[in-house]
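Report on one structure; see the data block that follows.
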Amino acid sequence: FNYLGGTIPGSETNLKRRIELAWSAFKNLHNLWESSLNKQTKVHVFSAVIVPILFYACESRTLSLSCRKLLYSTYNKMLRNGLRIDWWQHVSNIELHRRARVLSPAAQITRRTLKFVGSILAGPPQVTKPLLKWQHNYTKHIIGTNGRSPTQSRLGTWLVNVNLFHQW
């Protein structure tokens, strides 16, 4: 069923729903994309209207590789359509982001995730300490499938990875 515009349960089902909603909003702005407006104005509208719909709640959930690929390809396809860049022009995704002066979808989601975690960690210690020590009770995980042991905290693992990246 739908709750706050998302489908429960399942991140893949929810992501497909977000993509449908984003395409619907994108198509409603057809006149804007076909207009002779400045490229940066189109990118600002894209970033303000389409991206929040597409990336809704991505900072708080784990995306599988297939979900990430689907999300990134949808984002790039919408950006190409909005800027009227055709496939035969052979513009790479990196060049597309450079021309549009936007971050890649992976970088945007990482930024949103860091902001989300930062807002959680900025809270009172009686809230943040249990979050950092939280361990899930699932015993079905097999060590090696996701790189974590069954008792390791997901947030703790993520923070260690961010800290290692920051030190690099």
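Since every read-out is calculated from the coordinates, none of them should be taken as a lab result. This one's a predicted model, so the numbers in the text were calculated from it and none came from an experiment. Glycine also receives a Cβ, built like all others from the backbone with ideal geometry; neighbour counts cover every protein chain displayed.
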(request) Starting from the Cα of LYS69, draw a straight line to each of the lysines and keep only those under 16 Å, dropping any in the same chain fewer than 8 residues away. (result) LYS16, LYS77
(message) Can you give me the distance in nm between label points at HIS90 and SER24, each placed 7 Å from the Cα along the Cα-to-Cβ direction?
(response) 3.9
(message) Output needed: percent of Cα pairs per 5 Å distance bin for region 55-130, bins running from 0 to the one holding the longest distance.
(response) 3, 13, 21, 18, 15, 11, 7, 5, 4, 2, 1, 0
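For region 39-85, what does the equivalent ellipsoid look like in terms of its semi-axes, each the square root of 5 times an eigenvalue of the Cα gyration tensor, given largest first in whole Å? Each step should come with its number before you reach the end.
Values: eigenvalues 96, 36, 5 Å².
Semi-axis lengths for region 39-85 are 22, 13, 5 Å.
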(message) Could you order the peptides 14-20, 90-96, 57-63 from most to least packed, using the average number of other C-beta atoms within 10 Å per residue?
(response) 14-20, 57-63, 90-96
